[in-house]
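Enquirer: The following block contains the structure, expressed as structure tokens.
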Amino acid sequence: MTGLFNFFLSGVAAILINPVLPGFHPDPSVVAVGSDYYLVNSSFHYFPGVPVYHSRDLQNWEQIGNVLDRPSQLPLHHATSWQGIYAPTIRYHDGTFYMITTNVGNGGNFMVTASDPAGPWSEPLWLEQQGIDPSLYFEDGKCYMVSNPDGVITLCEIDPATGRTLSPSKALWTGTGGRYPEGPHIYRHDGWYYLLISEGGTELAHKLTVARSRDIYGPYESNPANPIFTHCSAAGQSSNIQGTGHGDFFQAADGSWWTVFLAYRRYGGDFHHLGRETFLAPVTWSGGWPVVNDGKPVAEQMRLTLPEQPAPRSSRDRHYAFSGLEAGSCPSKALGHEWMHIQEPVPANYAFNGGKLLLKGTGGGLGDDSWNPTALLRRQEAARAYFETRVTLRNGEGGLALYQISGGYATFSLRRRGGSTEAVVHFRIRGLSHEAAVIRLRGNAAKLAVLAREDHYEFLLDGREIARLDTPLLSTEVVGGFTGVTVGMYCAEGTAEFDYFDYTETD
């Protein structure tokens, strides 16, 4: 018996809802420890970096921390939206969790360890072999590292205690001829070493390919059925899910095999603004090769047998109040693991006082990568959502932000100019800077809200719509980047005072 039929023998099928981590959650990697599953994602130029999620049913994932939560672990000096933390891999061996990744622009490949995936994690061990998307494989007391320097999947042995290279780097495979062979992972199954990679680039032509060898150093033979998974095909071209690739296999506690992978969903045409998201699919073995989802495209709802019966998805809606928080606490820690800053935060620019959040601007704003912008953001995880805050402007400029990259964002702010306060909706779309609305206020406070829909955002001043922005204008296809829209509060200059922040999904 092959295919999904094997899974139906072990329990009652459930509806799997994809993506399992919606919004900006690219380059997923999972490790199974008993019946617990831990997942990490890329974080690029955001701080803290590498979010860590936990699940027991593969459907519901709770963020339990961030791997890189100290500036000493995550230097992001002047990191642009295209730099920072690429494609982490998480592994577990002999009671220790390992996370290996690349800090593009600030150091290259490194590894950290922890006894608890919720942290704390160690200081970085910097590694000699470069190339992005490094991964680890443990066997017989040895630790192997793979990455893709010069576009070639390359293997070396390292000392996991020091990071020191113990063997010369050996080229293993260049893939099937697709561009950008990357995202390598090695697995052992039935006496074979399997090398899983991504090809085609993280756009429409993204795909998973695999090769195998009896020896970890090769030679590796390519699967005749490559690519083993892609939606850039006749079968997948009509799906709203595209850009499928960059996967990681793992075996669940019940013996079943699975893969997490990234993909994106299209809105407003062939555009994606929420970012590359984390999806899940079953893996079976046929003729000595892995088969993803029985060779069929993945859907947003699939009837599958999961390792444990999934609980109903908990609501991601949140009301963030700022009362009762310690004056000197870090906002991204005090409010929840989901909050992030652009680059390392300047602590003096963030404060809780009298039940308010006070942000102090640096003068550079969100479009200047050299200024450590003052911003507190979280991922937009649903196309239909509502964001709201009440802000009082002491001076300068501050309010709500919809941020994709430094060259693509929208702000809805209060601005003090010439003795009066204005509400301003501002768009920066690549080289275009446009003020869509400028409204003079009687005081210096207002309720600012954004209503998100699949194809547009509505900007509401004290409940009244004053401007709109089409979501494709904040998409990767228009403004570029590897991330997705994040939402929250910012201050470009002066001081802004926030009463609360509401995040509500309206799907």
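Enquirer: Per-residue HN-Hα couplings for region 86-100, Karplus 6.51 cos²θ - 1.76 cosθ + 1.60 at θ = phi - 60°, whole Hz, x for Gly and Pro?
Expert: Result, ordered by residue: 9, 5, x, 10, 10, 9, 9, 7, 6, x, 10, 8, 10, 10, 10 Hz.
Enquirer: Something else: Tell me the label-point distance for the pair residue 235, residue 311, using the 7 Å Cα-to-Cβ offset, in nm and rounded to one decimal.
Expert: Distance between the two pseudo-spin positions: 3.5 nm.
Enquirer: Using 7 Å Cα-to-Cβ label points, what is the residue 346/residue 300 separation (nm, one decimal)?
Expert: My value for the distance between the label points is 4.2 nm.
Enquirer: Test of understanding: what is the full-extension gain from residue 440 to residue 456, defined as 0.36 nm times their sequence separation minus their Cα-Cα distance?
Expert: Between residue 440 and residue 456, full extension yields an extra 3.3 nm.
Enquirer: Setting aside same-chain residues fewer than 8 positions from residue 142, which lysines have a Cα under 24 Å from its Cα?
Expert: 170
Enquirer: Quick one: grab the alpha carbon gyration tensor of region 339-410, order the square roots of its eigenvalues as a ≥ b ≥ c, and give me rounded if a/c is under 1.5, else prolate or oblate depending on whether a/b is larger than b/c.
Expert: Taking the square roots of the gyration eigenvalues as a ≥ b ≥ c, region 339-410 is oblate.
Enquirer: Give the shape of region 5-304 as rounded, prolate or oblate, defined through the alpha-carbon gyration tensor: a ≥ b ≥ c are the square roots of its eigenvalues, a/c under 1.5 means rounded, and otherwise the shape is prolate if a/b is larger than b/c and oblate if not.
Expert: rounded
Enquirer: As a footprinting exposure proxy, order 249, 261, 387 by other Cβ within 10 Å, with the fewest listed first.
Expert: On the way: 249 20, 261 27, 387 24.
Ordered from fewest to most neighbouring Cβ atoms within 10 Å, 249, 261, 387 come out as 249, 387, 261.
Enquirer: Which shape class applies to region 374-465: rounded if a/c is under 1.5, otherwise prolate when a/b exceeds b/c and oblate if not, where a ≥ b ≥ c are the square roots of the Cα gyration tensor eigenvalues?
Expert: Details: a/c = 1.73, a/b = 1.39, b/c = 1.24.
It comes out prolate by the Cα gyration axes.
Enquirer: Let me ask something else about it. How large is ³J(HN,Hα) for each residue in region 305-314, as worked out from phi by the Karplus curve 6.51 cos²θ - 1.76 cosθ + 1.60 (θ = phi - 60°), to whole Hz, x for Gly and Pro?
Expert: 9, 8, x, 9, 4, x, 6, x, 4, 6
Enquirer: Turning to a different aspect of this structure: What number results when the radius of gyration of region 161-268, computed over Cα atoms, is divided by 2.2 N^0.38 Å?
Expert: 1.19
Enquirer: Can you tell me the Rg and the Dmax, both Å, for the Cα atoms in the chain?
Expert: 23.0, 77
Enquirer: Which cross-chain or sequence-distant (5 or more) residues have an amide H under 5 Å from the amide H of residue 406, H modelled 1.01 Å from N in plane?
Expert: 81
Enquirer: In nm, what is the difference between 0.36 nm times the number of residues separating residue 72 and residue 333 and their Cα-Cα distance?
Expert: My answer for the length gained is 92.3 nm.
Enquirer: Would you mind calculating the gained length between residue 13 and residue 167 on full extension (0.36 nm times residue separation, minus the Cα-Cα distance), in nm to one decimal?
Expert: Result: 50.8 nm gained on full extension.
Enquirer: Under 8 Å for C-alpha pairs, at least 6 residues apart: give me the relative contact order for the chain, rounded to a whole percent.
Expert: Details: 1467 pairs, mean separation 75.6, N = 507.
Relative contact order comes out at 15 percent.
Enquirer: Still on this model: At a Cα cut-off below 28 Å, give the lysines reachable from residue 296, other chains included and same-chain residues fewer than 8 away excluded.
Expert: Filter leaves 207.
Enquirer: Please report the Cα spread of region 318-505 along all three principal axes, rounded to whole Å, starting with the longest.
Expert: 41, 37, 33
Enquirer: Tell me, what ³J(HN,Hα) does each residue in region 201-215 have, in order and in whole Hz, if you take phi through Karplus 6.51 cos²θ - 1.76 cosθ + 1.60 with θ = phi - 60° and put x for Gly and Pro?
Expert: For region 201-215, the Karplus curve yields x, 7, 10, 4, 8, 4, 7, 9, 10, 9, 9, 9, 7, 7, 10 Hz.
Enquirer: What distance in nm separates the two pseudo spin-label positions at residue 63 and residue 130, each 7 Å out from Cα along the beta-carbon direction?
Expert: 3.1
Enquirer: Charges on Cβ only, +1 for Lys and Arg, -1 for Asp and Glu, centred on the Cα centroid of region 349-507; of 473, 363, 504, which one is farthest towards the dipole's positive end?
Expert: Farthest towards the positive pole: 363.
Enquirer: Can I ask one more? Sorted from largest to smallest, which semi-axis lengths in Å does the alpha carbon gyration tensor of region 448-507 give for its equivalent ellipsoid, taking the root of 5 times each eigenvalue?
Expert: 22, 17, 12
Enquirer: Now for a separate question. Which value, in debye to the nearest 20, gives the size of the charge dipole of the chain about its Cα centre, when Lys and Arg are +1 and Asp and Glu are -1 at the Cβ?
Expert: Computed about the Cα centre, the dipole is about 1020 debye.
Enquirer: Relative contact order (percent) for region 5-304, with alpha-carbon contacts under 8 angstrom and 6 or more residues of separation?
Expert: 16
Enquirer: Which lysines, if any, have their Cα less than 28 Å from the Cα of residue 360, not counting same-chain residues under 8 positions apart?
Expert: Within the straight-line cut-off, residue 360 pairs with 333, 447.
Rule-based calculations on the coordinates, nothing more; no lab input. On a predicted model such as this, the values are computed, not experimentally measured, just so you know. Cβ: placed from backbone, ideal geometry, glycine included. Neighbour counts: every protein chain shown.
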